[in-house]
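What follows is a single structure, written as structure tokens, with notes after it.
Derivation of every value follows stated rules applied to the coordinates shown; laboratory data play no part. Bear in mind the structure is a predicted one, so any value in this text is a computation, not a measurement. In this analysis, Cβ positions are derived from the backbone assuming ideal geometry, glycine residues included, and neighbour counts consider all displayed protein chains.
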Ligand code: TNX
């Protein structure tokens, strides 16, 4: 007889009886034991093999974790396990050498059952938990898994104190050796504590490579003793001012060599290798701001304040290579990583094309074009690294002039670079945009902070497979693994990074560690609440974007406006949890009405809703939805459509280096033009735009020609409103205020001609495209009073 059809607790009781297990010998065990035996294994990433055992194991405060005498790394792993359990569950454990009286043991064992590198065995019996591995990383990951098993609860209250877990044997090892995250500390400097916090969580998720993007146009973040100007000058930029008289305090920061040594050791203790990236030959403007002679023209630019692609390149002469090699000498002393990343992305070749000296050198080397020159340049650096026992990694652009013989390729423009390189017998790492680009937004919600407008949901990352299907078994060996990249142009504060990384890191980790045939999205969602509870206890402010309530008015806002009533469906992106709501303006609680079916409401109405897990834990903070005529006629920035020209979609903040969360605006860098589709204009007399003036700080390189200019009739330009789309008749024109006189955010109100029906309103700014970038926070339509 199967136990499937029975209720959870009954099923467990049956199972326990059948196995002859005495459930409930200790304290509160009966309840927890049931939960322990039926709940999903609280592991993320899921383990390769889990074999159920007999009975349960209860751990209480004061229990001992034993490590072999003299094994400092095992001792550290044990201390980390104890630390997690204490911080998440409030249980104090003790770490000791020698096995006596131990509830938990950790030990390296030459003949441990799991033979794969970084693998481990974790055996839980009624008398204890025992971790064995053939290497220290495996032992550490065993400890991380046990820390998760010992913190299985999502329910507040039940997640504290002694814990009972099912007996089982776990055998586990990674699918890929390279399980990475890249953090861009150049665009926005990341304080050391934040980097360490990321390292902690990477380790807890069995990720093992932290790629630090240390240099870029907007900042050089690593102290180099031989070239002090790199951090004296290159680490600081002056943010563009969008309001005249606005203070322009330099923005920046860098890591001293002592700090880097400390960070590298911190990561190494957690079995994470820090892979440094020194970007070349492009993304080098901060270098040229510090040492202009290394550049092609010798001119000294300021450290860039423009995101995107800037023109400054390294020269290709000997002083340039002396500089690079001297920098790499210090980099190699600081970072023991075998792999050193040399960038190679987005190097606009204009400066090389325009320089007679560079051209002469190119011809003397017998190279056919600037792409071949880039390959030669990168390979020369690769040879230098190889001569020092290191290996070079570059972004996939370095393939453009032929593959540099010593290169490992990091593929970001899709996966073609990886496929091509693997077929040519080179190792590859997959980190394709937009899927593994965590600067992509994670939902279409209004409350999402700044980022790129591609939406990469938790489910998208979970579905990603780092092994390209095109490769045969032989070529597949070249796939080292995958990595998610946190580019920080629009992540001004550590909070933004946290929001972008968690919980998408959970989906990433499972994809890179767990066997492919264990992939199970629903199972992952079942295991996630326990992880969210861990985040809560550890003070990690994970995004609730996948769980937050979305409100959908059936038939759209116009139907509700016409009828004076609305049918509203509540849902969330991941389709999990219980939605509870109120209609009286109060904040919902776990006792509020449970959402079962679309709600029929008479306008005006207000809905407040939040989401709870099965365990009663808050999965998403409350969200509010107003059903008033005014709200139904208002569209937020993200609800407008970009005009149908070549799009470069971003969601950007008021100031590029803001230090707090603030308003954000969806823009298309190529055209300051939006459509409010199907505006219901019956009775409407005025349109009000919440306008904002932003810095136009984007290096668009050759794409600059795509920026559309609309003819203006006044010096500062206007907001022009057209009816029935962007080629329709002009319905209103409102001049923009002078940038010197108006605050950064200001309202623009236009009278609209009387009309009826639903019509597409096109809103465009005619401000000169050499000036500030104008954006729309929201548009509302009002009926005459
Ligand atoms: C492209 S990915 C870049 C970065 C940007 C990123 C923004 C890569 C190698 N280059 O310079 O930060 O897009 O998403």
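Can you tell me, using C-alpha contacts under 8 Å and at least 6 residues apart, the relative contact order of the chain as a whole percent?
Details: 1812 pairs, mean separation 79.0, N = 785.
Relative contact order, the chain: 10 percent.
Give the percent of DSSP beta bridges with both residues in region 49-172 that are antiparallel, rounded to the nearest 5.
Values: 18 of 29 bridges.
Antiparallel: roughly 60 percent of the beta bridges in region 49-172.
Report Rg(Cα)/(2.2 N^0.38 Å) for region 438-592, keeping two decimals. Present the calculation step by step, with values, prior to reporting the outcome.
Working: Rg = 19.0 Å, N = 155, 2.2 N^0.38 = 15.0 Å.
Relative to the rule-of-thumb radius for its length, region 438-592 sits at 1.27.
Contour minus end-to-end for residue 79 and residue 727, with contour as 0.36 nm per residue of separation and end-to-end as the Cα-Cα distance? Numbers along the way, then the final one.
On the way: separation 648, 0.36 × 648 = 233.28 nm, distance 6.72 nm.
Result for the pair: 226.6 nm of gain on full extension.
Which residues does a label at residue 563 reach in region 586-623, if reach means a backbone N under 15 Å from a point 7 Å past the Cα toward the Cβ?
Zone members listed by number: 598-605.
Hey, could you grab the Kirkwood Rh for region 518-672? Inverse mean 1/r over distinct alpha carbon pairs, Å, one decimal.
18.0
Give me the one-decimal nm value for the distance between modelled label points at residue 586 and residue 386, 7 Å along each residue's Cα-to-Cβ direction.
Those two pseudo-labels are separated by 7.2 nm.
Take each of the peptides 163-169, 588-594, average the number of other beta-carbon atoms within 10 Å over its residues, and list them starting from the highest. Walk me through the numbers on the way to the answer.
Values: 163-169: 22.6, 588-594: 14.0.
Final packing ranking: 163-169, 588-594.
Sorting check: for 393-402, 774-783, 457-466, which peptide has the highest mean count of neighbouring beta carbons within 10 Å, and how do the rest follow?
Working: 393-402: 23.1, 774-783: 20.5, 457-466: 18.7.
Sorting 393-402, 774-783, 457-466 by mean packing, highest first, produces 393-402, 774-783, 457-466.
Determine the calculated [θ] at 222 nm for the chain from helices alone, applying -39500 (n - 2.57) to every DSSP H run no shorter than 4 residues and normalising by the residue count; nearest 500 deg cm²/dmol. Can you show the working numbers first?
Working: 20 runs with 205 residues, N = 785.
Per the formula, -7500 deg cm²/dmol.
So if I restrict to the alpha-carbon atoms in region 659-747, what is the Rg, and what is Dmax, the biggest pairwise distance, in Å?
Answer for region 659-747, Rg first and Dmax second: 15.0, 46 Å.
Which three extents, in whole angstrom, do the alpha-carbon atoms of region 550-630 cover along their principal axes, largest first?
Here the Cα extents, ordered largest to smallest, are 41, 24, 18 Å.
So if each residue of separation counts as 0.36 nm, and I subtract the Cα-Cα distance between residue 713 and residue 241, what length gain in nm does that give? Working shown, then result.
Numbers: separation 472, 0.36 × 472 = 169.92 nm, distance 2.52 nm.
Taking residue 713 through residue 241 to full extension adds about 167.4 nm, to one decimal.
For the chain, what are the per-bin percents of Cα-Cα distances with bins 10 Å wide, up to the bin holding the maximum?
Result, from short to long distances: 2, 12, 20, 22, 19, 14, 7, 2, 0 percent.
Given a Förster radius of 22 Å and the C-beta distance between residue 606 and residue 578 as r, what FRET efficiency does 1/(1 + (r/R0)^6) yield to the nearest 0.05? Could you put the intermediate results ahead of the total?
Details: r = 21 Å, r/R0 = 0.93.
Taking R0 as 22 Å, the efficiency between residue 606 and residue 578 is 0.60.
Report Rg(Cα)/(2.2 N^0.38 Å) for region 176-538, keeping two decimals.
Dividing the Cα radius of gyration by 2.2 N^0.38 Å gives 0.98.
Could you tell me how many cubic angstrom of Cα convex hull volume region 431-505 has per residue? Show your work: numbers first, answer last.
On the way: hull volume 7.0 nm³, N = 75.
Hull volume normalised by residue count: 93 Å³.
Which three numbers, in whole Å and largest first, are the semi-axes of the equivalent ellipsoid of region 464-535 derived from its Cα gyration tensor as √(5λ)?
On the way: eigenvalues 143, 74, 12 Å².
Listed largest to smallest, the semi-axes of region 464-535 are 27, 19, 8 Å.
Calculate how many DSSP beta bridges within the chain are antiparallel, expressed in % of all such bridges and rounded to the nearest 5.
Values: 91 of 141 bridges.
Restricted to the chain, the bridges split so that about 65 percent are antiparallel.
Can you check what the Kirkwood hydrodynamic radius comes to for region 504-563, Cα pairs only, in Å to one decimal? Show your work: numbers first, answer last.
Numbers: mean 1/r = 0.0688 Å⁻¹.
In region 504-563 this quantity evaluates to 14.5 Å.
Could you give the length gained by full extension between residue 647 and residue 193, i.e. 0.36 nm per residue of separation minus their alpha carbon distance, to one decimal place? Each step should come with its number before you reach the end.
Numbers: separation 454, 0.36 × 454 = 163.44 nm, distance 3.70 nm.
Length gained, residue 647 through residue 193: 159.7 nm.
For region 492-571 and region 627-661, what is the separation of their C-alpha centers, rounded to whole Å?
Cα centres, region 492-571 to region 627-661: 21 Å.
Can you give the three extents of the C-alpha atoms in region 49-172 along their principal axes, from longest to shortest, in whole Å?
41, 30, 22
May I ask you to order 504-510, 340-346 by the average number of other C-beta atoms within 10 Å around their residues, highest value first?
The most tightly packed comes first, giving 504-510, 340-346.
Note down the nm distance, to one decimal, between modelled labels 7 Å out along Cα→Cβ at residue 97 and at residue 552.
6.2
Could you work out the pair-distance distribution P(r) of region 634-783 from its alpha-carbon pairs, with 10 angstrom bin width and percents rounded to whole numbers?
Distribution as computed: 11, 44, 35, 9, 1 percent.
May I ask you to derive the FRET efficiency for residue 423 and residue 117 from their Cβ-Cβ distance with R0 = 22 Å, giving the value to the nearest 0.05? Write down the numbers at each step before the final one.
Working: r = 26 Å, r/R0 = 1.16.
For R0 = 22 Å, the calculated efficiency reads 0.30.
Rg and Dmax of region 139-238, using alpha carbons, in Å: what are they?
19.9, 59
Based on the alpha carbon coordinates of region 158-297, what radius of gyration and maximum Cα-Cα distance (Dmax) apply, in Å?
20.0, 68
Would you compute the Debye intensity of region 389-479 from its alpha-carbon atoms alone, equal scatterers and no solvent, and pass along log10 I(q)/I(0) at q = 0.10, 0.23 Å⁻¹ to two decimals?
Log10 of I(q)/I(0), two decimals: -0.31, -1.05.
Taking the Cα atoms of region 296-380, what is the range of coordinates along each of the three principal axes, in descending order and whole Å?
Ordered largest first, region 296-380 gives principal extents of 38, 34, 21 Å.
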